[in-house]
Amino acid sequence: MKPRWLNLLLIATLGLTACSEAPPQVHRAKLFTLGTLVDVSVLHQDEAVAQQAVTIVETELATINRQWHAWHDSPLTLINQQLAQGETVTIDSATHHFIQQAQTLATNSDQLFNPTIGSLVEQWGFHSDERPDGAPPAKERIDAALKQAPSMANITLTATTLTSNNPAVQFDFGAFGKGYAIDRAVEQLKRAGIKNAIVNAGGDLRAIGSKGGRPWRIGVRHPTEAGVIASIEIDGDESIFTSGNYERFFDFDGRRYHHIIDPRNGYPANDAISVTVIHHNAATADAAATALFIAGTTQWPQIAKQMGIDEVMLIGNDLTIYMTRKMAQRIRLEIDDAQIKIIGNET
Ligand code: ADP
Ligand code: MG
């Protein structure tokens, strides 16, 4: 008969082996921040490490949300008040970095991504936690706002100061802040040694690593029906962002008015119904999806080129799917009978 201590030793050894060989699990957590449901997936064998990773993400996203909220009292609303008074705003290095990146993206998009049109977005009723209802703003009000022509070109930035030569500049980083926050969260995850994860804010996400050796598979929402229109595999470190006319909108007199405003005419852009962009950097993907949505079916290839974006899928009003060649090579359409036009990424 084996001595009892040997049995115990065996069990202990087996236990250890089982533990060290346990395959890493995907741990998922849901957070509500940045005005949306954020889904964090972390692949790790140690539950405590995964928990810690979720806390890191939560902290980063909440910090950016608090800093850059466009209608709750925030450091941003304070900056907007100062700019409206023509004052010089004192800024720290994090603010400098944030605004500088937004300014570059605005320039490269020919100011279609224009995060200074906060007044227009507010007029349209989108500076609210509720869905706007009632009529669209009067055309005279929109024209008056357009005449003031606020843009990132009005902004002068130094390491410690921010000034605007146009008092109509009112920042609204709704088209960029989510991407910026996700970049920050992913950088912090990497610093903490996390290699495989997704930070997904309502379908806009950055993914790193893989799902235990298999690529992460991501669905792209169908713009007019339930379910997905396409799926894509992501392996490495990439962001995928979609801007659509179905995200925030209201209906009035049988017409839909949504939250992506064309700064050239002050009305919701209406030549596309959704745009998906893949890029390494989430902030760039976020701003680009918005800018290309406004650019629409004919101008998007030029703006994409200027912004350094080479993977795009744009869906027009008639559901024609426009794609760059690079996007077409990797995306899997989940619908039949799609009308597809491949444009760009020189043949
Ligand atoms: P979502 O936040 O639904 O993913 P977007 O990234 O396209 O959508 O951002 C839309 C938000 O960006 C709007 O709610 C508004 O705050 C802001 N916005 C609207 N039009 C523009 C524009 N032309 N340039 C920059 N920001 C805009
Ligand atoms: Mg965007």
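Select from the range 210-237 the residues that are within 16 Å of ligand 2 (Cβ to nearest atom) and assigned to a strand (DSSP E or B) and list them in ascending order.
So the first thing to find is which residues in the range 210-237 are within 16 Å of ligand 2 (Cβ to nearest atom), and the list is 220-221, 223.
Within the range 210-237, 220, 221 meet the criteria.
Before we move on, is residue 207 outside the structural domain of residue 297 (by TED's automatic domain parsing), without any contact (Cβ under 8 Å) to a residue 60 or more places away in the chain, under 30 Å from residue 317 (Cα atoms) and touching a Phe, Trp or Tyr at 6+ places or on another chain (Cβ under 6 Å)? I'd like the intermediate steps shown before the answer.
Working: outside the structural domain of residue 297 (by TED's automatic domain parsing): yes; without any contact (Cβ under 8 Å) to a residue 60 or more places away in the chain: yes; under 30 Å from residue 317 (Cα atoms): yes; touching a Phe, Trp or Tyr at 6+ places or on another chain (Cβ under 6 Å): yes.
Considered against the rule, which asks whether it is outside the structural domain of residue 297 (by TED's automatic domain parsing), without any contact (Cβ under 8 Å) to a residue 60 or more places away in the chain, under 30 Å from residue 317 (Cα atoms) and touching a Phe, Trp or Tyr at 6+ places or on another chain (Cβ under 6 Å), residue 207 comes out as yes.
Taking the stated definitions as given, is residue 254 of a type outside the set (D, E, K, R) and without any contact (Cβ under 8 Å) to a residue 24 or more places away in the chain? Let's see the steps before the verdict.
On the way: of a type outside the set (D, E, K, R): yes; without any contact (Cβ under 8 Å) to a residue 24 or more places away in the chain: yes.
In short, yes.
For residues that are part of a strand (DSSP E or B) and of a type in the set (S, T, N, Q), scanning just the range 267-313, find the one that is surrounded by the most Cβ atoms within 10 Å (Cβ to Cβ).
Let us first name the residues in the range 267-313 that are part of a strand (DSSP E or B), namely 268, 272-279, 311-313.
With the extra rule that they be of a type in the set (S, T, N, Q), the set shrinks to 274, 276.
Values: 274: 24, 276: 31.
Checked the range 267-313; the qualifying residue surrounded by the most Cβ atoms within 10 Å (Cβ to Cβ) is 276.
Being without any contact (Cβ under 8 Å) to a residue 60 or more places away in the chain and not assigned by TED's automatic domain parsing to the domain that holds residue 128 narrows it down to one of 100, 51, 81, so name that one. Don't jump to the end; show me each part of the working.
Numbers: 100 fails: not assigned by TED's automatic domain parsing to the domain that holds residue 128; 81 fails: not assigned by TED's automatic domain parsing to the domain that holds residue 128.
Testing whether each residue is without any contact (Cβ under 8 Å) to a residue 60 or more places away in the chain and not assigned by TED's automatic domain parsing to the domain that holds residue 128 leaves just 51.
Answer yes or no as to whether residue 326 is assigned to a strand (DSSP E or B) and surrounded by fewer than 21 Cβ atoms within 10 Å (Cβ to Cβ). Let's see the steps before the verdict.
Numbers: assigned to a strand (DSSP E or B): no; surrounded by fewer than 21 Cβ atoms within 10 Å (Cβ to Cβ): yes.
Spelling it out, it is not the case that residue 326 is assigned to a strand (DSSP E or B) and surrounded by fewer than 21 Cβ atoms within 10 Å (Cβ to Cβ).
Can you name the residue in the range 244-266 that is away from ligand 2 (no atom under 16 Å from the Cβ) and either in a loop (DSSP other than H, G, I, E, B) or assigned by TED's automatic domain parsing to the domain that holds residue 135 (or both) and, of all such residues, is farthest from residue 311 (Cα to Cα)?
Our first condition is that a residue be away from ligand 2 (no atom under 16 Å from the Cβ); within the range 244-266, this holds for 250-257, 264-266.
Now restrict to residues that are either in a loop (DSSP other than H, G, I, E, B) or assigned by TED's automatic domain parsing to the domain that holds residue 135 (or both): 253-254, 264-266.
Numbers: 253: 37, 254: 34, 264: 25, 265: 27, 266: 28 Å.
The extreme case among them is 253.
Which of the residues spanning the range 103-154 are of a type in the set (A, V, I, L, M) and within 14 Å of residue 263 (Cβ to Cβ)?
Pass one, the range 103-154, residues of a type in the set (A, V, I, L, M): 105-106, 112, 117, 120-121, 135, 138, 142, 144-146, 149, 152-153.
Across the range 103-154, the qualifying residues are 105, 106, 112, 117, 120, 121, 142, 145, 146, 149, 152, 153.
The values are calculated or read from the model by the stated rules, or taken from the named source; none is laboratory data. Not measured: the values here are computed from a predicted model. No Cβ is skipped: glycine too gets one built from the backbone with ideal geometry, and neighbour counts run over all protein chains shown.
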